[in-house]
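Taking it in order: structure first as structure tokens, then the write-up.
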Amino acid sequence: MLWLIGTGLCDAQDLTVRARSIIENADTVYLEGYTSLLRCSIPEYEEAIGRPITVLTRTDVESGIERVLQEAKQGDVAFLVIGDPFGATTHTDLYVRARNAGVDVRVIHNVSVLSAIGATGLELYRFGHTVSIPYWQAGFEPTSFLARIAENHARGLHTLCLLDIKADEGRFMTVREGIEHLRRAQEREKSNLLTPDSLIVGVARLGWPDQCIVAGPLGDIEKTDFGASPHAIVIPGKLHEIEREMLTFWKQ
């Protein structure tokens, strides 16, 4: 059996009772270490769950998962995913590959950024396409996320912008860097969708005890220190009166 288990957003205390039971009895425990960050270190997490953990990189999962699938055919494998198992397409791909390989797969869900972003006060059903803002590098300077934001904006919908994480390089995009990438994309596409006065919501460490949410003009948010990663950005669309009131709690 392959168990895809959501860890939640913070630490081992976020695991469900059922998830803990599965982990305790699993033959092997893996943790993906590339889609987000935990509040604690791996040794601290291992101590909390009482099991050793093997951390897998994105390459391990996307290109070399056969060994894990073989183990799941012979015993019980707990594969821990930060947030919810289906919060990233790479884990949907893992589910498909496991099923096609004849592996029985079960899923234990948990909170992810896609649901916890409701802490901003913006209604989840009023969000449009979620976009990812990647680090630019030589030969890879995408701007497609800007078109998705514009599409959401035209429909009056909010946009959740997930900021790039390169765990193997120790690089975690900040709100400030995300805004800079938005600005560079606008310059490239000759767009004026966002201005220094546009309402933006910056989020850091969502679901952690010290989570940070700040709402305000883009020009002000860009100057705000949000502290440690992970960070995200929300670009609000048309606001309901209750949403507008909720956002006042996060203004500096």
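The values are calculated or read from the model by the stated rules, or taken from the named source; none is laboratory data. Predicted model, so just to flag it, every value in this text is computed and none were measured. Note that each Cβ is placed from the backbone with ideal geometry, even for glycine, and that neighbours are counted across all protein chains shown.
Summary table
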item: Selection within region 223-248 - among the aliphatic types (A, V, I, L, M) and outside any loop (DSSP other than H, G, I, E, B); result: ALA232, ILE233, VAL234, ILE235, ILE242, MET246, LEU247
item: Close pairs from region 232-252: first among the basic types (Lys, Arg), partner part of a strand (DSSP E or B), Cβ under 7 Å, at least 6 apart; result: LYS251/ALA215; LYS251/GLY216
item: Residues that are farther than 12 Å from ILE233 by Cβ and either polar (S, T, N, Q) or without any contact (Cβ under 8 Å) to a residue 24 or more places away in the chain (or both), drawn from region 148-175; result: ARG148, GLU151, ASN152, ALA154, GLU169, GLY170
item: All positions within region 54-76 that are in contact (Cβ under 8 Å) with a residue 12 or more places away in the chain and under 21 Å from the mean Cα position of the chain (by Cα); result: THR54, VAL55, LEU56, THR57, ARG58, VAL61, GLU62
item: Filter pass, ASP93 being at pLDDT 95 or above, of a type in the set (Asp, Glu) and in the same structural domain as ASP60 (by TED's automatic domain parsing); result: no
item: Failed condition for ILE165, given (1) of a type in the set (Val, Ile, Thr); (2) modelled with pLDDT of 95 or more; (3) under 16 Å from the mean Cα position of the chain (by Cα); result: (2)
